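All remarks here apply to the structure that follows.
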Amino acid sequence: MNRVDFKNIIHAEELKAKNAPTKHKIFVCCGAGCISSGADNVMKKLQEEIKNRGLEDIEVVPTGCMGPCNQGPLVKFKPGNTVYQKIDCVNIGEVVKSQIVDKKPLEDLLLFSEHREKPFVNAEEDPYFKKQLKIALKDCGDVHPEKIEDYLLHDGYKALDKALFEMSPEDVISEIKQSRLRGRGGAGYPTGLKWETVYRHVNDQKYIICNGDEGDPGAFMDRSVLEGNPHRILEGMTIAGYAVGANKGYAYIRGEYPLAIKRFEAAIKAAKKLGVLGKNILGTNFSFDVEVRIGAGAFVCGEETALIASIEGRRGTPSPRPPYPAESGLWGKPTLINNVETMASIAPIILKGGEWYSEIGTAKSAGTKVFALAGKINYAGLIEVPMGTTLREIVFDIGGGIQGDGQFKAAQTGGPSGGCIPAEHLDVKMDYEELMKLGSIMGSGGLIVMDENSDMVDVARFFMEFCVDESCGKCVPCRVGTKMMHDLLQKVCENKATQLDIERLEELAVYVKECSLCGLGGSAPNPLLSTLRHFRHEYDTRVQPVRKSENLVHQ
Amino acid sequence: MMALVTIYIDGKKIIAGSEKTILEVARENNIEILTMCHLKGLTDVGACRLCMVELEGSPKLFSACTTKVADNMIVTTNSERIRRYQRITTELFFAERNHICAVCVSNGACELQDLGYKVGLDAIRYPHLFPQCEVDTSHPLYVMDQNRCISCSRCIRACAEVEGAYNWDMMNRGYQIRVISDFNTLWGESTTCTSCGKCVQACPTGALWAKSIVQGQQDKHPEFITDLMERRKMNL
Amino acid sequence: MNKKKLATVWLGGCSGCHMSLLDIDERILEVAKLADIVKSPVVDGKDFPEVDIALVEGSVTSDEHLAELLHIRKNTKTLIAFGDCAAMTNVTGMRNYFDLKDVFETSYVNSISNDQEGEVPDNPYLLRLHDKVLPLQECVPVDFVIPGCPPNADTIFYVLFEFLNDRTPNLSEAKKLKYG
């Protein structure tokens, strides 16, 4: 298929959508959260309901995550953007009757109805959505993840078309550089710079890898994009391939996400059929193929060198850098590795320009960031906000505050690699630098909110336990150091530790941080260090001043 | 022709080939950098983290065995911080498995013991983990004692890179990793082991030893691996 | 000059360290010039008085050892962990990889050398073993450690002589570190 055919297809789809009589579309959120609260059954029941009422011209679309996961299952009616929450097989009938037949919204079931004096009929007007800016997640919740035509109607593959026909690879790279986009996997390395490095390495064979090995406890950003809008990732990867001169891409998706794998594979198939992937894309000389690689459940495989080892079929352990993958990566070839969320931001940047993107966010961190809100918060779920949004806005304005009568105590960002932010820093502007200053990290975007009942030492112990389990065992500081720190933290939790143990913990934490081979060990002490920094008294009050005989046995 | 670079290690000016690692250059110039997983001739993996050095201009530490020299690099190998970390690494080695020198074949000729002496280790300040470990005596000539293994992977690399037999590998994760023969079967039943004994020579501790040996008598010659690899290189 | 008071104690160990102490041979006279050995397995005396220096051999394996060690710590200025068992449990700690129950069964019931049916002794007057053997430092603060199984007589004498002359020995600098 050449460019003209492609434009014709898009045109035809647009025409079809435009000329169709204004009809209702019902979107059922089939994100992970809603499925686990019964969206599948709601979907079936809804289809039955529509058939029984003779409303066959209404289209029911299963979509990716809409955001407020713990209010699910969610059902959205268009036009009007009316979202209903906590839908089950019983009340779905009422909703359809009220919304479609009586044309009167059913207030009791509107989104956030229990917390708003007057819930919004158009959900987009709710502060929950108004405070957000969706770029990476934009079409999640609006497109059918398994229908490429649906994606085409949402500017799908237009960015690829623009890159291939109107831009040189250098143009694409400079656009990304101008956007000031930084790696969304956690470390925040400038994406444009990374692309440029790979581009500069001359080699017949280069690779693109999309890192979808999202392993932080409580994080599901990548999952939602992969499940909700896989074509966006595919488009981002293809543009990356064109820019750096790669003809092969791998999407490394963790095995715990079977739906993401299924949808991504379906997307690859559909894209190849349409001609936006594979040989001679849109009739050009550029060919790009993508394969899915499934992770086997190792957190460390999110580390780029370990991920490469895993794709190569070796034991997933990291190796020292340099050489960086950009120079010698997959099978020794220059390799570009970007996180799912980074890849999802590429197409909008190409379409709207780097300048547009760079104006969002803060001076050093441009654009938006997806956070997975979890913990003791009213509206747990997936949000996307401009960089520089304060933690207070995220927790209270968007997240709806703390559950029940609870008080905000701390928020853990960056999962097991991050740290806790205490209440006195609620006004921190969330970007890479500010979080680093507080001893935490942006990480991939997990954000766990804790109330006054949370035991911070136990939080540190929990994350350390995770790191002990997930350490690959290659280097000594991480392999033995995390285990030692965990055992000592356990001792503190059991009120058996002495001052000596706290000193040992402090010494080990810095040692493991500085000496570990990869980022897993390098960041494993962060929860410990940040709780020691912000909640020192919780450690001190548990330390035994004098050794009592029953406290001696350490195991 | 290899490009030459000037570097400074602990204040000493050295001209070296740019393809070399900091460790190679330091050793050639009689500057001691402690190592455990490094064995000249085998691929370096940077696993033991003993050879960490400071590079001026970076707050991070770098493993000397895997970091190549660069022009005007200023390397510090013996700062207070480096020495403190070397000691902790050594302590963690001892605390991780069950190193009982008194009953070990390698007592007196053990790289781990020597390391302890070099860093001035008189006691281990961390609680020992005391894991329960297997001893595989099924091989007719050799024994693998997990109690004494420090997971440096020298045996694995010697077997793969020198002998080409690929008998050894790692299994599990974290502190539960174990060196395994074939797919975690008995060494004596291995279909890949050639009984060449290179792994035994490569092993820095008493984890791999010859059956005929009694306590304190295992004398190892890892330099034979280095020698062998250099000769092969020359033949090429 | 006031003579110092010296004690040597034997907890969970094999007494090999004490044998090595005896190997300082005639140098014991030099020690005797500077110190009185007031408590030791090799001298009379039931009580542990206040002392300047205590050499403690062996690890803490039972409640009795623990009580003894706490008493020693209270009454000692310089407590020296004497030998590998005291420093890092060594051979004594080899039972730490197993359940205490299995250790008893193996020793008293299933032992190959048993010529008749054995049973695990259960007498209130016997010491109560802890689940895990611990080195001294996990129980009380330790001032100095002499590793070695056993430490050399030279090393022992060096450490004693330095402390008796109010100097702090340094095994690493003196090239006297030895394990096993």
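Would you please give the FRET efficiency between A:C89 and A:K269, computed as 1/(1 + (r/R0)^6) with r the Cβ-Cβ distance and R0 = 25 Å, to the nearest 0.05? Please list the in-between numbers first.
Working: r = 33 Å, r/R0 = 1.30.
E(calc), rounded to 0.05, equals 0.15.
Taking the Cβ-Cβ separation of C:L70 and B:N29 as r and a Förster radius of 51 Å, what is the calculated FRET efficiency to the nearest 0.05? Intermediate values should be presented prior to the final figure.
Values: r = 52 Å, r/R0 = 1.03.
That pair, C:L70 with B:N29, gives E of 0.45.
For the protein assembly as shown, what does -39500 (n - 2.57) per DSSP helix run (n ≥ 4), summed and divided by total residues, give at 222 nm, in deg cm²/dmol to the nearest 500? Show your work: numbers first, answer last.
Details: 34 runs with 320 residues, N = 971.
The helix contribution divided over the protein assembly as shown gives -9500 deg cm²/dmol.
Tell me, Kirkwood radius of segment A:332-387 from alpha-carbon pair distances, in Å? Numbers along the way, then the final one.
On the way: mean 1/r = 0.0752 Å⁻¹.
Value: 13.3 Å, from the Cα pair sum.
Please report, in whole Å, how far the alpha carbons of the protein assembly as shown spread along each principal axis, starting with the longest.
If we take the Cα atoms of the protein assembly as shown, the spans are 111, 71, 58 Å.
Taking a ≥ b ≥ c as the square roots of the Cα gyration tensor eigenvalues, with a/c under 1.5 meaning rounded and otherwise prolate when a/b beats b/c, else oblate, which class fits segment B:162-205? Please list the in-between numbers first.
Working: a/c = 2.14, a/b = 1.31, b/c = 1.64.
It comes out oblate by the Cα gyration axes.
In Å², nearest 100, what accessible area do chains A and C bury in total when the solvent probe is 1.4 Å?
Numbers: alone 22370 and 10580 Å², together 32210 Å².
Chains A and C together bury roughly 700 Å² of accessible area.
Points 7 angstrom from Cα along the Cβ direction at A:K44 and A:K262: gap in nanometres?
1.4
Mind grabbing the interface size between A and B? I mean buried accessible area, both sides, 1.4 Å probe, in Å² to the nearest hundred.
On the way: alone 22370 and 12450 Å², together 31970 Å².
The contact between B and A buries close to 2800 Å².
Starting from the Cα gyration tensor of chain B, take the square roots of the eigenvalues, sort them a ≥ b ≥ c, and report rounded, prolate or oblate (rounded when a/c is under 1.5, otherwise prolate if a/b is larger than b/c, else oblate).
Details: a/c = 2.12, a/b = 1.41, b/c = 1.51.
Oblate, since a/c reaches 1.5 and b/c is not below a/b.
With an 8 Å Cα cut-off and a minimum separation of 6 or more residues, compute the relative contact order for chain B in percent. Before the final figure, lay out the partial values.
Details: 423 pairs, mean separation 45.5, N = 236.
It rounds to 19 percent for chain B.
Shape call for segment A:148-358 from the C-alpha gyration tensor, a ≥ b ≥ c root eigenvalues: rounded (a/c under 1.5), prolate (a/b greater than b/c) or oblate? List each step's numbers first, then the result.
Numbers: a/c = 1.42, a/b = 1.18, b/c = 1.20.
Note, shape of segment A:148-358 comes out rounded.
PRE reach from B:Q217 (point 7 Å along Cα→Cβ): which of segment B:97-121 fall under 18 Å by backbone N?
Only B:102-110 pass the distance filter.
In whole Å, what are the extents of chain C along the principal axes defined by its C-alpha atoms, from largest to smallest?
Rounded to whole Å, the extents work out to 59, 34, 29 Å.
Taking the 0 to 90 degree range and rounding to the nearest ten, how far is the long axis of helix B:223-235 tilted relative to the main principal axis of chain B, both from C-alpha atoms?
70
How large is the accessible surface of C:F104 in square angstrom, using a 1.4 angstrom probe and rounding to the nearest 10?
Rounded to the nearest 10, that gives 60 Å².
Please work out the FRET efficiency for the pair B:S195 and B:K233, using the Cβ-Cβ distance as r and a Förster radius of 25 Å; give the result to the nearest 0.05.
0.50
Where the centre of each part is set by its Cα atoms, how far does segment A:126-147 sit from segment A:283-352, in angstrom?
26
Would you mind getting the accessible area per residue of chain A, heavy atoms of the protein chains only, 1.4 Å probe, in Å²?
On the way: 20550 Å² over 555 residues.
Here the per-residue accessible area is 37 Å².
Which pairs, out of A:K97/A:K269; A:K138/A:K269; C:K4/C:K178; A:K194/A:K272, put more than 30 Å between their alpha-carbon atoms?
Details: A:K97/A:K269 38 Å; A:K138/A:K269 23 Å; C:K4/C:K178 27 Å; A:K194/A:K272 27 Å.
Exceeds cut-off: A:K97/A:K269.
Could you tell me the accessible area of B:L228 in Å² (1.4 Å probe, neighbours in place), rounded to the nearest ten?
Result for B:L228: roughly 50 Å² accessible.
How much solvent-accessible surface does A:Y242 expose, in Å² to the nearest 10, with a 1.4 Å probe and all protein chains in place?
40
On the protein heavy atoms, probe 1.4 angstrom, tell me the percent of accessible surface of the protein assembly as shown carried by carbon and sulfur.
Working: 20350 of 40130 Å².
The nonpolar share, carbon plus sulfur, comes to 51 percent.
In Å², and per residue, what accessible area does chain B have when probed at 1.4 Å with the other protein chains present?
Numbers: 10210 Å² over 236 residues.
Value for chain B: 43 Å² per residue.
From the protein chains alone at 1.4 Å, what is the descending order of accessible area for C:D52, A:D222, largest first?
Values: C:D52 30, A:D222 5 Å².
So, going from the largest accessible area down, we get C:D52, A:D222.
Straight-line reach only, C-alpha to C-alpha below 15 angstrom: list the aspartates and glutamates that A:K496 could link to, leaving out same-chain residues fewer than 8 apart.
Within reach: A:D458, A:D487, A:E538, A:D540, A:E550, C:E138.
Quick one: compute the contact order of segment C:1-52, relative version, from alpha carbon pairs under 8 angstrom and 6+ residues apart, as a percent. Please list the in-between numbers first.
Values: 47 pairs, mean separation 28.4, N = 52.
So the answer I get is 55 percent.
Out of the DSSP beta bridges found with both residues in chain A, what percent are antiparallel (nearest 5)? Provide the component values of the computation, followed by the final result.
Working: 28 of 56 bridges.
Here the antiparallel bridges make up roughly 50 percent for chain A.
In chain B, which cysteines lack any other cysteine Cβ under 4.7 Å from their own?
Taking the Cβ cut-off of 4.7 Å, the unpaired cysteines of chain B are B:C51, B:C65, B:C101, B:C104, B:C110, B:C133, B:C149, B:C159, B:C193, B:C196, B:C203.
Can you give the accessible area buried between chains C and B, summed over both chains, with a 1.4 Å probe, in Å² to the nearest 100? Each step should come with its number before you reach the end.
Working: alone 10580 and 12450 Å², together 21250 Å².
Buried surface at the C/B interface: approximately 1800 Å².
Please list, in order, the residues from segment C:138-180 whose amide nitrogen is less than 12 Å from a point placed 7 Å along the Cα→Cβ vector of C:D25.
The answer is C:153-154, whose backbone nitrogens lie closer than 12 Å to the label point.
Past the 23 Å Cα-Cα mark, which pairs from A:K86/A:K409; A:K7/A:K248; A:K333/B:K20; A:K25/A:K103; A:K76/A:K130?
On the way: A:K86/A:K409 28 Å; A:K7/A:K248 25 Å; A:K333/B:K20 21 Å; A:K25/A:K103 14 Å; A:K76/A:K130 17 Å.
A:K86/A:K409; A:K7/A:K248, as the Cα separations exceed 23 Å there.
How big is D, in µm² s⁻¹, for segment A:457-540 by Stokes-Einstein at 25 °C and 0.890 mPa s if Rh is the Kirkwood radius over C-alpha pairs? Walk me through the numbers before you get to the answer.
Values: Rh = 12.3 Å.
Diffusion coefficient, whole number: 200 µm²/s.
Ranked by accessible surface with a 1.4 Å probe, highest first, in what order do C:V38, A:V292 come? Could you put the intermediate results ahead of the total?
Numbers: C:V38 40, A:V292 20 Å².
Ranked list, largest accessible area first: C:V38, A:V292.
Rank A:R533, B:R84 by accessible area, highest first, at a 1.4 Å probe radius?
On the way: A:R533 130, B:R84 90 Å².
Ranking A:R533, B:R84 by accessible area, largest first, yields A:R533, B:R84.
The values are calculated or read from the model by the stated rules, or taken from the named source; none is laboratory data. Bear in mind that the values here come from a model prediction, so they are computed numbers and not experimental data. Virtual Cβ from ideal backbone geometry, glycine too; neighbours counted across all protein chains shown. Note: areas computed on protein heavy atoms with side chains; ligands, DNA, RNA excluded. Shrake-Rupley method; radii C 1.70, N 1.55, O 1.52, S 1.80 Å.
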